[in-house]
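My structure is below; once you've seen it, I'll send some questions.
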Amino acid sequence: MSNSPILTGQRPRDAATVVLLRDSPRGLQTLLLRRDTRLANMAGMYVFPGGKLDAADRSASSAALLDQPPQALQASLAEPGTDAATAAGLHVAALREALEECGMLLAEPARAGAQLDAPRARHLLHDGMAFADVLGALGLRMATRALVPWSRWITPEAPAIATRRFDARFFIAEAPAHQHAMHDNEETTASLWVTPRAALERYRDDAIELAPPQIMSLAHLSRYASVAAALAAARQRHPPTIQPEPFDEGGVLVHCYPGDPQHPVHERALPGPTRLCRRERHFLPADGFEALFA
């Protein structure tokens, strides 16, 4: 059973997550960051870079540096209830978090001679300069076209792990070539490039900790052999909305997902299992680890 508080009535905070991908001799890899153990939310867990939507992400100065109109970004999310300014802000938040948390600068020159200087951009951001001002100072604009909406995860009212609720939009993006990803030693204390299956094997073997959205997302990613294949698949569909439904089954905490008989949404949203069961320290399918890849 979960000891997490029931957060009935708490409105989920808008958030953005960027799943950075690269090709490697071992196959498709993604970047995971370990959250500091002193943090209140998901302490010590390995996550994709991301964070909550800030007011500055929706500002006019941020909108002025977009590489495409807010209406186009709104259409790409396929969320009728989300206005264009918020949709644009979520893309900005994903780009900002990529720079802030792991030093990856997804941007493009806005004037002749501008250079993609990721270390300097990150330094300016950590010194307190607003993200839009950082890009403006370096003659850059935001590369929202590098982001492909992939999924939308809404924390249930009775979360298994998190102490806050988030409405997180997951984007996938190819990691910029010739840039080096590194944790910030503040919110995140380790960084790991890993194939999705290898990450899940480390979780199974107690080498790393993962939350259910990361488990299901990694299982989904494991089906793609390359960055190009993952991006192409994401572009061919609207990002599904996933709000897990937790329930108790014989003393076992179960999280079910769209398409499961116990979930109110009957259409399947993800490949693989439609539920994870918590036994001891692990969330795994009832049929065992290999069912993640079935």
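The values are calculated or read from the model by the stated rules, or taken from the named source; none is laboratory data. The structure displayed is predicted, hence computed values, not measured ones. Cβ sites come from the backbone with ideal geometry, for glycine too, and all protein chains shown count toward neighbours. The accessibility values were calculated without ligands, DNA or RNA, using every heavy atom of the protein model including side chains. Shrake-Rupley method; radii C 1.70, N 1.55, O 1.52, S 1.80 Å.
Exactly one condition in (1) without any contact (Cβ under 8 Å) to a residue 60 or more places away in the chain; (2) in contact with a strand residue (DSSP E or B) (Cβ under 6 Å, 6 or more places away or on another chain); (3) not hydroxyl-bearing (S, T, Y) is false for A158; which is it?
Result: A158 passes all but (1).
Six or more apart or on different chains, Cβ atoms under 7 Å: show the pairs whose first residue is in segment 234-248 and over 16 Å from H266 (Cα atoms) and of a type outside the set (A, V, I, L, M) and whose second is part of a loop (DSSP other than H, G, I, E, B) and open to solvent by 70 Å² or more (accessible area, probe 1.4 Å).
The qualifying pairs are F247/Q262; D248/M1.
Give the residue that is surrounded by the most Cβ atoms within 10 Å (Cβ to Cβ), with candidates limited to residues of segment 203-215 that are in contact (Cβ under 8 Å) with a residue 40 or more places away in the chain and not in a helix (DSSP H, G or I). Write out each step before concluding.
Step one: of segment 203-215, the residues in contact (Cβ under 8 Å) with a residue 40 or more places away in the chain are 203-204, 206, 208-215.
Narrowing further to those that are not in a helix (DSSP H, G or I): 206, 208-211.
Working: D206: 10, I208: 20, E209: 19, L210: 23, A211: 19.
Among those residues, the one meeting the criterion is L210.
Across segment 187-202, what is the total count of residues that are among the polar types (S, T, N, Q) and open to solvent by 30 Å² or more (accessible area, probe 1.4 Å)?
If we filter segment 187-202 for residues that are among the polar types (S, T, N, Q), which is where we start, we get 188-189, 191, 195.
Now narrow it down to the ones that are open to solvent by 30 Å² or more (accessible area, probe 1.4 Å): 189, 191.
So the count comes out to 2.
Still on this model: Hey, could you check segment 25-83 for residues that are touching a Gly at 6+ places or on another chain (Cβ under 6 Å) and assigned to a loop (DSSP other than H, G, I, E, B) and say which is surrounded by the fewest Cβ atoms within 10 Å (Cβ to Cβ)?
Selected residue: T37.
Moving to a separate point now. For segment 216-294, give me every one of the strands (runs of 3 or more DSSP E) that falls completely inside it and has 3 or more residues that are open to solvent by less than 20 Å² (accessible area, probe 1.4 Å).
On the way: elements: 245-249, 252-256, 275-279, 282-284.
Of the strands (runs of 3 or more DSSP E) lying wholly inside segment 216-294, those with at least 3 residues that are open to solvent by less than 20 Å² (accessible area, probe 1.4 Å) span 252-256.
If you check D184 against the conditions, is it surrounded by fewer than 17 Cβ atoms within 10 Å (Cβ to Cβ) and under 20 Å from R35 (Cα atoms)? Quick ask: steps written out before the conclusion?
Numbers: surrounded by fewer than 17 Cβ atoms within 10 Å (Cβ to Cβ): no; under 20 Å from R35 (Cα atoms): yes.
Taking the combined requirement at face value, the residue does not satisfy it.
Please enumerate the residues belonging to segment 177-202 that are among the hydroxyl-bearing types (S, T, Y) and not in a loop (DSSP other than H, G, I, E, B). Steps first, please.
We begin by selecting, within segment 177-202, every residue among the hydroxyl-bearing types (S, T, Y); these are 188-189, 191, 195.
Across segment 177-202, the qualifying residues are T188, T189, S191.
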